[in-house]
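The values are calculated or read from the model by the stated rules, or taken from the named source; none is laboratory data. Keep in mind that what you see is a predicted model, and the values were worked out from it rather than measured. Methodologically, a virtual Cβ is constructed for each residue, glycine included, from the backbone with ideal geometry; neighbour enumeration extends over all protein chains shown. Remember, those area values only see protein heavy atoms, side chains included, never the ligands or the DNA or RNA. Shrake-Rupley method; radii C 1.70, N 1.55, O 1.52, S 1.80 Å.
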Amino acid sequence: MSYLLHVDASSLGEASISRQVAGSFRAAWQGPVVHRDLAVSPVPHLSAAGITARSTDPAQHTPEQAEAARIQDELITEFLGADVYLFTVPLYNLTMPSVFKAWLDQIMIEGRTLGFTHGAPTAGRPAVVVSARGGGYGPGAPNEGRDHLIPTLETVLGWSHTLGLDVTSVIPELTMAPDVPAMAELVPLYETSLATAHEQARRLAETLDRRAA
């Protein structure tokens, strides 16, 4: 059975703007969903055992390698079984939360998910990245060029030599404006950005749900 794989990486729970916008996507999605919340149940960071297990005969695995391989197998099976992806990945300190990087490192394996040699098995599958950020990083903003998350994810998730997904990013900005006095004049821009993100998420879900049906 195919499904939407929703991977959450925000630490803020229900207060997370990224999660709230992803919630609009989920509300409009009618098909089955597998939800992995990395903030609640983080996966281990990639270890020496996890790396060496990939090139070692399973019959020769140490207990540490066997456990690392089991985790990778579970995550990769879950990843490959989806036909649509939703990633909730807020901008933390100009880049991705470490829990999401840990998840990526566990699933990105040549010969199983990566496309360096024969193309990625997930090539062309649609993926939506929801990524809120406290400031503004778009063209003309003071922080333009300092977003080291969306360009990275669009490469890691979307490059034909990696996972080959068809990535669309939904980016609510200026989320700190309601709480930071110095940003008070930006509240209308924040409200517009948030409303646009919710609407974009809903429309993407409706479109992708029809395509997957």
Surface accessible to a 1.4 Å probe, per residue, for the residues of region 120-175, Å²: 39
The chain: C-alpha pair distances exceeding 29 Å, %: 28
Local electrostatic count at SER131 - Lys and Arg +1, Asp and Glu -1, tallied over other residues with Cβ under 10 Å: -1
Solvent-accessible area of ILE107 with every protein chain in place, 1.4 Å probe, in Å² to the nearest 10: 0
Span from the region 13-48 Cα centroid across to the region 96-171 one, whole angstrom: 15
Heavy atoms of HIS45: accessible area, 1.4 Å probe, square angstrom to 10: 120
Residue-count net charge about ALA120 - beta-carbon cut-off 15 Å; Lys, Arg +1, Asp, Glu -1: -2
Total formal charge among the other residues, if their Cβ is under 14 angstrom from that of ALA39, Lys/Arg +1 and Asp/Glu -1: 0
Region 107-160: chymotrypsin sites (Phe, Trp or Tyr not before Pro) falling in loop per DSSP and having at most 16 other Cβ within 10 Å: PHE116, TRP159
Placed amide H near ASP166: partners under 5 Å, 5+ positions off or other chain: GLY124, ARG125, ALA127
Cα-based shape type of region 145-213, given that a ≥ b ≥ c are square roots of the gyration tensor eigenvalues and the cut on a/c is 1.5: oblate
Value of relative contact order over region 1-58, rounded to a whole percent, pairs C-alpha under 8 Å and six or more apart: 44
Acute angle (nearest 10 degrees) that the helix 187-212 long axis makes with the longest principal axis of the chain, alpha-carbon atoms: 40
Relative contact order (percent, whole number), region 113-213, Cα cutoff 8 Å, 6+ residue spacing: 29
Estimated vicinal HN-Hα couplings, Hz - region 40-47 in sequence order (Karplus 6.51, -1.76, 1.60; Gly, Pro = x): 7, 10, x, 8, x, 5, 5, 10
Most to least accessible of THR192, THR52 (protein chains only, probe 1.4 Å): THR192, THR52
Volume per residue of the C-alpha convex hull in region 88-196, rounded to whole Å³: 101
Of all accessible heavy-atom area on region 1-116, the percent that carbon and sulfur account for (1.4 Å): 57
Degrees between helix 17-28 axis and first principal axis of the chain (Cα, 0 to 90, nearest 10): 80
Value of [θ]222 nm, deg cm²/dmol, for the chain, DSSP H segments ≥ 4, -39500 (n - 2.57) each, nearest 500: -12500 deg cm²/dmol
Relative contact order for the chain, counting Cα pairs under 8 Å that sit 6 or more residues apart, in percent: 25
Principal-axis tilt of helix 98-107 within the chain, Cα atoms, nearest 10 degrees: 40
